[in-house]
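The structure under discussion appears below in the form of structure tokens.
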Number of protein chains: 2
Amino acid sequence: MTTAARTALRLDASVHHERIQRAAAEAAERSVDALLITPSPDYAYLLGYHAPALERLTCLIVPAEGDPVLLLPRLEEPLARHALGELVEEIHLVPWDETDDPIRLVQTIVAGSLRVGLQDQMWARFALRLRAALDPAELVEAGPTMSALRRIKSPEEVDRLRAAALAADAAMRTIIGERLSGRTEADVSRHVRDLLVAEGHDTAGFAIVASGPNSASPHHEAGERVIESGDAIVIDIGGTRAGYCSDTSRTAFVGAPDPEFAALYAVLREAQAAACEAVRPGVACSEIDDVARGIIGEAGYGEAFIHRTGHGIGMETHEEPYIVASNQEPLRAGHAFSVEPGIYIRDRWGARIEDIVVCTDAGGERLNTTSTELAIVE
Amino acid sequence: MTTAARTALRLDASVHHERIQRAAAEAAERSVDALLITPSPDYAYLLGYHAPALERLTCLIVPAEGDPVLLLPRLEEPLARHALGELVEEIHLVPWDETDDPIRLVQTIVAGSLRVGLQDQMWARFALRLRAALDPAELVEAGPTMSALRRIKSPEEVDRLRAAALAADAAMRTIIGERLSGRTEADVSRHVRDLLVAEGHDTAGFAIVASGPNSASPHHEAGERVIESGDAIVIDIGGTRAGYCSDTSRTAFVGAPDPEFAALYAVLREAQAAACEAVRPGVACSEIDDVARGIIGEAGYGEAFIHRTGHGIGMETHEEPYIVASNQEPLRAGHAFSVEPGIYIRDRWGARIEDIVVCTDAGGERLNTTSTELAIVE
């Protein structure tokens, strides 16, 4: 990661100050005495820069009461001081040396805590060592606390998601305007990755190009298959721009669409549009899923819609809230997530349409702007 | 990651079969009844492909006795079947649906286990849920078991490390042959990343370019500082080629070296060479560290050598064995690691020399081939 990409998400020190304060307050509300935040999107959200997740423990300790402490390997200290900027004045830095035991240092810092929250993606090796060192404190997931903050996007965050979406749209428009038959999926995928960066992403994240029977595999890896006439192609692309993610899918058909595929696609398009339309504060995530699943099921494709309708998006491609049957959580203004139903007929073909939608008081706002019509390509 | 990069490390199915069997045997030896291996280098080492680490649990379950089970989200199943190739015949695939609870499925599969090993980088959210679900089983780190396999490189693995090292050397030779003054660190760093790929890496991992006072920060991020005459520059670069990592550092000086810096560098070079020379089976990792630290300390720079001497390398840039004072483990033939002492004078300058060394029965073999003399650049 370049310096620019690593610190692109740094906002004014006051914003990070406020986020840390809110994290402490949310922890207190859950009777969590301290949060242990290892390098991750949570860490970057709070501190404004990405630290590497390494075998050497770096850990931001946010107590429910008191000042935050950043425990880090001594050789990471200069970089951290530089990356933190003004924020460094309100965080107590504790550098540790190569022969120190950082777990003991955590133990000392959180001594007396009854419940300690571990960052969701903290490595199990640290979680298990902390389990032993912090006994009898209860260890819980810090996810709900951090997600309480991160799931509601500020207007500035929505702007960043929109900019990322538009960059992905530009790449998508280019790719579905090109001749695809005769090229391998892998070739097209590499080209998409270049386009994602050329259109303003700091990094290309993924570029699924699934053609012919491969389009029936939702997470297909672009491979050596040569695209040919009569193929359905699912193109699912995304990257990161200024710390925020894009993720959009469109489906193309090489040549005149097979009527059976066109019929399937019409059902999918109706389902995706209806699910987007259903977005508004107070509607449960499960209901959005239900709207899409209902239309697809009624048309007889229920068994072929093998994944949830969507996932939250922000600093991570997948985050809360998940648009899945089991999630009764009501949507709120500021939630941002994908709406991406798909229909997959194994060994034959598949289709998916994916937009990022932000819930606003006025309903759902689609951040993606490309047409959802079936793209006819050569 | 492209398909090619993702599966570049797939070897003959018999190799992966044998690795899984050895993992089971190593687990049994440690009284671990089952290993839970989530997507990670360990997962790729066993199965020959990288699966994404996601909020949806993918987990290879290797029981000490019995057949391995691969639990995975249903939408990842086609990709896994494709990536596993022949190996799929000896692994029981258990796909789970969006509304299933994968933790319950793990619970069922490992029922009756007394000790269960968690992959080192497994996300804490899964570790904590497993902790609750598998109670009263003891959860332990799978790291020692997996590392027992991975720390000894096969001849084929050493070949891959050598090919990666040579690719990094080619990039290093190019960069220290160029005019560097007048360019920003970030510019040079971007160029190095391009060179790493051009010379055969699948991905560029990092390209530290730390100039002037920044060279005193071991993990400095290349930034907007313009390189100028009289600067020391630490260049530390690496990437991944066919699943294995490169990592090499050289130090350059812009223009005629300051005599004080030249003296410091001569000490460093002697220390690095002596540490490489000391490598042979039976010597403790700590002794290698001690050799380098002794020479640097005797010359009066002890306080300025602020990190360990090295780290193991393989499918990860940092892995076992660590060349650090606290590690009494004896070296064995097949261990591969960096030897990279450094001397850092805060706010002034720093230097580091890093080679990858493989321990063989005949002593240490350096995989890097560029000169360790101080590079004089314009």
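The values are calculated or read from the model by the stated rules, or taken from the named source; none is laboratory data. Predicted, not measured: the structure shown is a model, and the values here were computed from it. Here Cβ is always computed from backbone atoms with ideal geometry, including for glycine, and neighbour counts include all displayed protein chains.
Quick notes
- Screening B:SER113 on (1) farther than 17 Å from B:GLU55 by Cα; (2) within 14 Å of chain A (Cβ to nearest Cβ); (3) surrounded by fewer than 21 Cβ atoms within 10 Å (Cβ to Cβ) shows it passes everything except condition (2).
- Against the test of being at pLDDT 90 or above and closer than 28 Å to B:ILE313 by Cβ, the options A:ALA24, A:ALA28, A:ALA44, A:ALA5 yield a single qualifying residue, A:ALA44.
- Within segment B:123-174, tally of residues that are within 14 Å of chain A (Cβ to nearest Cβ), within 24 Å of the chain's Cα centre (by Cα), part of a loop (DSSP other than H, G, I, E, B) and among the charged types (D, E, K, R): 1
- Any hit, segment B:283-305, residues being in contact (Cβ under 8 Å) with a residue 60 or more places away in the chain and outside any helix (DSSP H, G or I): no
- Helices (runs of 4 or more DSSP H) wholly inside segment B:1-117 that include at least 3 residues being over 24 Å from the mean Cα position of the chain (by Cα) and within 26 Å of A:GLU221 (Cα to Cα): B:77-84
- Test result for B:ALA83, among the small types (Gly, Ala, Ser), farther than 19 Å from B:GLY314 by Cβ and within 12 Å of chain A (Cβ to nearest Cβ): yes
- Among the residues of segment B:322-337, those that are of a type outside the set (A, V, I, L, M) and either buried (at least 24 other Cβ atoms within 10 Å of the Cβ) or assigned to a loop (DSSP other than H, G, I, E, B) (or both) comprise B:SER326, B:ASN327, B:GLN328, B:GLU329, B:ARG332, B:GLY334, B:HIS335, B:PHE337.
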